[in-house]
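This report refers to the structure that appears directly beneath it.
The values are calculated or read from the model by the stated rules, or taken from the named source; none is laboratory data. Just so it is clear, the structure is predicted and the values come from calculations on it, not from any experiment. Reconstructed Cβ throughout: ideal geometry from the backbone, glycine too, with neighbour counts over all protein chains shown. The accessibility values were calculated without ligands, DNA or RNA, using every heavy atom of the protein model including side chains. Shrake-Rupley method; radii C 1.70, N 1.55, O 1.52, S 1.80 Å.
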Amino acid sequence: MRLLIISDIHGNLEALQAVLREAQGRYDRCFCLGDVVGYGADPQACAALVRDVAAVVIRGNHDRAFVAPESALDFNPIARLAVEWTHNQLDAATRAWLESLPAGPVLGDGIQLAHGSPLDEDEYITSTAQAAVLLAGAGEPLTCIGHTHLQGGWRMRGERTETVARNGALPLDPGQRYLLNPGSVGQPRDGDWRAAYMICDEGSAEFFRAAYDLAGAQGKILRAGLPPTLAERLAAGW
Ligand code: ZN
């Protein structure tokens, strides 16, 4: 079973379509780790597409902001503005779907799926020390997380936790545990503007980047009256 793992789409339809086009025929099922909406200009279309294509979707903190608006109070002003704008773009059925998304961790095909971390959906896992704690307590060989918008991850061999290479197929050794982040489809923050995703099976995982119509996505953000910085950051990949 080959799995397409996507996360943090953030309403960027051009990026999502590019990933699905590029991955077409190379996966059997798709899992989404949350943040389908928020920031980008196409929340409604992205939600419809994810709903159609993904077998399992868990909620991210931006998706939750529609269920529990008070949870957006600690968002920065631009994120909060995007939440309010996005709210007005969604029809009732899409809002209901977002509200129905389960919080992680959820098990899909033996893989633990979480937005921030299995312990806290809002936690940003960025360090090897954090990864080591999670891997030491992991019940499954592979855990997939999103939220940081940073593609990559860690492996625990015996007592030792180390970062994994991001290029080429990463063999998944059954004797080791892995914590992998597919990166963000719609708003990468690792200096590479291209849409990030991951494809894995029982034996290996591989990270990919898909070029997409960046100018198209940026133009929609500007025309929608969303903060221009949300368009600018897409080009820089931050
Ligand atoms: Zn996100």
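With the condition kept exactly as written, say whether any residue in the stretch 33-50 is open to solvent by less than 30 Å² (accessible area, probe 1.4 Å), more than 16 Å from the ligand (Cβ to nearest atom) and touching a strand residue (DSSP E or B) at 6+ places or on another chain (Cβ under 9 Å). The answer is no, given that none of the residues of the stretch 33-50 is open to solvent by less than 30 Å² (accessible area, probe 1.4 Å), more than 16 Å from the ligand (Cβ to nearest atom) and touching a strand residue (DSSP E or B) at 6+ places or on another chain (Cβ under 9 Å). Just so you know, in the stretch 128-137 the residues that are more than 18 Å from the chain's Cα centre (by Cα) and closer than 15 Å to Thr148 by Cβ include one that is most open to solvent (accessible area, probe 1.4 Å), and it is Ala129. Flag: Pro105 matches the condition of being under 15 Å from the mean Cα position of the chain (by Cα) and either free of Cβ contacts under 8 Å to residues at least 12 places away in the same chain or open to solvent by 50 Å² or more (accessible area, probe 1.4 Å) (or both). Per the listing Phe75, Phe66, the residue uniquely more than 12 Å from Val37 (Cβ to Cβ), of a type in the set (Phe, Trp, Tyr) and within 16 Å of the ligand (Cβ to nearest atom) is Phe75.
Selection within the stretch 174-192: residues that are over 13 Å from the mean Cα position of the chain (by Cα) and buried (at least 19 other Cβ atoms within 10 Å of the Cβ). The member of this set that is farthest from the ligand (Cβ to nearest atom) is Arg177.
Of the residues that make up the stretch 9-27, is at least one surrounded by fewer than 19 Cβ atoms within 10 Å (Cβ to Cβ) and in contact with a helix residue (DSSP H, G or I) (Cβ under 6 Å, 6 or more places away or on another chain)? Scanning the stretch 9-27, I find no residue that is surrounded by fewer than 19 Cβ atoms within 10 Å (Cβ to Cβ) and in contact with a helix residue (DSSP H, G or I) (Cβ under 6 Å, 6 or more places away or on another chain), so the answer is no.
Among the residues making up the stretch 78-114, those that are modelled with pLDDT of 90 or more and among the hydroxyl-bearing types (Ser, Thr, Tyr) are Thr94, Ser100. For His62, indicate whether it is on the phi > 0 side of the Ramachandran plot and in contact (Cβ under 8 Å) with a residue 12 or more places away in the chain. It is false that His62 is on the phi > 0 side of the Ramachandran plot and in contact (Cβ under 8 Å) with a residue 12 or more places away in the chain. Scoring Thr128 on the criteria (1) away from the ligand (no atom under 14 Å from the Cβ); (2) closer than 18 Å to Arg59 by Cα; (3) β-branched (Val, Ile, Thr) leaves a single failure, condition (2).
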